[in-house]
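Presented below is the structure to which this report refers.
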Amino acid sequence: MSKDYLVRLAARNNAEWCEAMCRSHGLTGAFSPQAWTAAVRTPLFYPDAVTLAPAADAAELVHSIDTAAPGASIKDSFADRDLTGYGFGVLFDAQWIWRPAGPPAAASDLDWEVVREPASLHDWALAWDGGDGNADLFGPALLEDAATFVLAGRSADGRLAAGAVASRSEQVVGVSNVFALDGDADAAWPGVLAALHELFPAVPVVGYEHGDDLAAAVRHGFAPIGPLRVWMHGL
């Protein structure tokens, strides 16, 4: 499979995860051949549009979202759009990543589970948030989404020590929000990958990372497959 095709799979998976997060907050977006877009401002940290094909029409993207509300953003999945003329600036650049199906090379010293109960999800969100005040982003409605799997890694004494979110789409499973309370992403990836292998043993894993988190993902078997760029209005 070409890298272009893999990026399309990763972008679609990411757009479906953004749609799931929006639904959990009572919002809905719309899919077209070129992009997923949300007409109303999306939850914190989530884009208002995700391109699904190269050379998406920039004007149509911008006019499909709410740029009047602060924080509007567009995920340019192929890093091939210039949105400066529409009042956007580059928030960050990253790389889509791909890992073939298979178990991790290293073992985890944590016990991993899928979060099923609202109280456990709240504990997970507090751990993920690290005290920044955004734990309510992950609400109980997310547990009702059949394609979303919140993963929690617990130490031997039962303490929640790491986590991630998996989002299943037709051909891949996406992973995001990877965190570890003790150490960096290297402490979380072995357990995350083991949990994904148990849940979806024959399904490749996709996501996106940048900086040190990208380097950590590569150490655990991911390969960069193409650039993406996130634009924010008014930046």
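The values are calculated or read from the model by the stated rules, or taken from the named source; none is laboratory data. Remember, it's a predicted structure, so these values are computed and weren't measured experimentally. Every residue, glycine among them, receives a Cβ derived from its backbone with ideal geometry; neighbour counts consider all protein chains shown. When the accessible area is computed, the model is the full protein with side chains, heavy atoms only, and any ligands, DNA or RNA have been set aside. Shrake-Rupley method; radii C 1.70, N 1.55, O 1.52, S 1.80 Å.
Per 5 Å bin, what percent of the C-alpha pairs of segment 107-235 does each bin hold, from zero upward?
Percent of Cα pairs in each bin: 2, 10, 20, 22, 21, 15, 7, 2, 1, 0.
Would you mind telling me the antiparallel percentage of the DSSP bridges in the chain, rounded to 5?
DSSP beta bridges in the chain are roughly 90 percent antiparallel.
Could you size up the charge dipole of segment 67-150 around its Cα centre, putting +1 on the beta carbon of Lys and Arg and -1 on that of Asp and Glu, and report it in debye to the nearest 20?
Dipole size: approximately 320 debye.
Can I get the semi-axes of segment 1-55's equivalent ellipsoid? Compute them from the C-alpha gyration tensor as square roots of 5 times the eigenvalues, in angstrom, largest first.
Result for segment 1-55: semi-axes of 22, 11, 8 Å.
Could you tell me which of rounded, prolate or oblate describes segment 1-135, using a ≥ b ≥ c as the square roots of the eigenvalues of the alpha-carbon gyration tensor, with rounded for a/c under 1.5 and, failing that, prolate when a/b is larger than b/c and oblate otherwise?
Taking the square roots of the gyration eigenvalues as a ≥ b ≥ c, segment 1-135 is oblate.
Quickly estimate the mean residue ellipticity at 222 nm for the chain, helices only: each DSSP H run with n ≥ 4 gives -39500 (n - 2.57), and the total goes over all residues, rounded to 500.
Value at 222 nm, helices only: -8000 deg cm²/dmol.
Quick one: give the max-minus-min coordinate of the C-alpha atoms of the chain along each principal axis, largest first, in Å.
Answer, in whole Å and largest first: 53, 38, 29 Å.
Let me know the charge dipole size of segment 41-188 about its Cα centre in debye, to the nearest 20, where only the beta-carbon of Lys, Arg (+1) and Asp, Glu (-1) is charged.
Around 180 debye, computed over segment 41-188.
Whole angstrom only: what separates the Cα centroid of segment 123-148 from the Cα centroid of segment 3-29?
About 17 Å separates the Cα centre of segment 123-148 from the one of segment 3-29.
If you roll a 1.4 Å probe over the heavy atoms of the protein chains, what accessible area per residue do you get for segment 81-187, in Å²?
For segment 81-187, the solvent-accessible area averages 48 Å² per residue.
Roughly speaking, to the nearest percent, how much of segment 140-227's 1.4 Å accessible area is carbon and sulfur?
For segment 140-227, the apolar C and S fraction of the accessible surface comes to 54 percent.
Give me the log10 of I(q) over I(0) for segment 114-183 at q = 0.18, 0.24 Å⁻¹, as the Debye formula computes it from C-alpha points; what are the numbers?
Taking Cα atoms of segment 114-183 as identical point scatterers yields -0.67, -1.12.
Modelling each spin label as a point 7 Å along the Cα-to-Cβ direction, I'd like the Asp111/Leu126 distance in nm, to one decimal.
Spacing of the two 7 Å Cα→Cβ label points: 2.0 nm.
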